[in-house]
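Have a look at the structure below, then the notes.
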Amino acid sequence: MKLIIVRHGETDWNSLELCQGHANIPLNGAGLRQAEQVAQRFTSETIDLAFASDLERAVQTAQLILARHPNVPVEYTRQLRERDYGVYEGKTYSEFRRGIVESGIPSHLFQPERGESLVNVQRRALSFYDNLFLQYPSKTIMVVAHGGVIQSLLLGIDNESFDEETRKRYRHDNTGYSILTVGLSGEHDYEVFNCANHLKK
C-alpha cells in the first residue's frame, strides 16, 4: 500500500493559534492557495481512492486536489476529524496548555471536558489505518486530515512516544504531506515526511 497523507490548508483559526478541533472552520485565502499548490504537486500522481475528514477545511483541500483526479472515489469520514478540544474549542493554545499544566495530568492523557485525549485520537486513527491496510494492501490511497490526527497516527505507526520533543518532529505544516510505502507484512518506509516544497515556488 502506498499512503499519501496531506494536512489541510490554513484557516483563520490556524493563523490565530486557536484550538479548532471539531469546529467547522473553512480555509482562508492563504489556505486556498496552499491547497491549489499541493493539488498541482499531485496532478500526475496515480491515486486509486481517497479518504478525508468530513470537516470543511479538509473537504475543501481534498476537493481541490481531487478536481485533477475526477474518477477517484472519495469518502469523507468522522474518523479522520481533528482532536475534539471540548471546552477549549475556540480558545488559544496557550489557554489549553495552561489547562494541562493545572490538571497535573500528562499531556497525552489529558482529556478536556467534552473532548478527547491524544491517546483517544491515536486509537481511532490507528483503527482507520488498520482497516485501510486490510482492505487495500496494494492500492495508492490519499488521506486528507488534520495536524493532530496525522501526528498521532504517524507516532503510532512508528511506535514513538508522546513526549514533547518527539511530537514536535511529527508536526505537519498546512498542506505538508508525507508518503509511506507499506509492505504486505506491515513494514513501512517514508518516501517523504512533512514535505512542503510545493509552497516554496
>> Can you give the local net charge around Pro26? Use residues other than it whose beta-carbon is closer than 11 angstrom to its beta-carbon, Lys and Arg +1, Asp and Glu -1.
In response: -2
> What's the extension gain from Gln135 to Glu160 if we count 0.36 nm per residue and subtract their Cα-Cα distance?
Replying inline: 6.5 nm
>> Taking 0.36 nm per residue of sequence separation and subtracting the Cα-Cα distance, how much length would be gained by fully extending the chain between Asp173 and Asn197, in nm to one decimal?
In response: 7.5 nm
>> Relative contact order of the range 87-201, please, whole-number percent, based on alpha carbon pairs below 8 angstrom and at least 6 residues apart.
In response: 16 percent
>> Please state the shape class of the chain: rounded when a/c is under 1.5, otherwise prolate if a/b exceeds b/c and oblate if not, all from the C-alpha gyration tensor.
In response: oblate
> Ranked from highest to lowest mean number of other Cβ atoms within 10 Å per residue, what is the order of the peptides 185-191, 118-124?
Replying inline: 118-124, 185-191
>> Given the options Ala125, Met142, Ala67, identify the residue whose Cα lies farthest towards the positive end of the charge dipole of the chain (+1 on Cβ of Lys, Arg; -1 on Cβ of Asp, Glu).
In response: Ala67
> So, in Å, what gap is there between the alpha-carbon centers of the range 97-137 and the range 151-201?
Replying inline: 16 Å
> Taking the Cβ-Cβ separation of Glu95 and Asn24 as r and a Förster radius of 30 Å, what is the calculated FRET efficiency to the nearest 0.05?
Replying inline: 0.90
> By how many nm would the segment from Asp48 to Leu126 lengthen if fully extended, with 0.36 nm per residue of separation less the alpha-carbon distance?
Replying inline: 26.0 nm
> In which sequence would Ser127, Ser138 go, from the one with the fewest C-beta neighbours within 10 Å to the one with the most?
Replying inline: Ser138, Ser127
>> Between helix 56-66 and the chain, what is the angle of the helix's C-alpha long axis to the longest principal axis, kept within 0 to 90° and rounded to the nearest 10?
In response: 20 degrees
>> Cut-off is 10 Å between beta-carbons; in what order do Lys91, Lys2 appear when sorted fewest neighbours first?
In response: Lys91, Lys2
> Roughly how many debye, to the nearest 20, is the charge dipole of the chain about its Cα centre, given +1 on each Lys and Arg Cβ, -1 on each Asp and Glu Cβ, and no other charges?
Replying inline: 320 debye
>> Please give me, ordered by residue number, the trypsin sites (Lys or Arg not before Pro) of the range 125-178 that lie in loop per DSSP and have at most 15 other Cβ atoms within 10 Å.
In response: Lys139, Arg171
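Taken together, the values in this text are just the output of simple stated rules run on the coordinates, not laboratory data. Predicted model only: the values in this text are computed from it and were never measured. We place every Cβ from the backbone using ideal geometry, glycine too, and count neighbours over all the protein chains shown.
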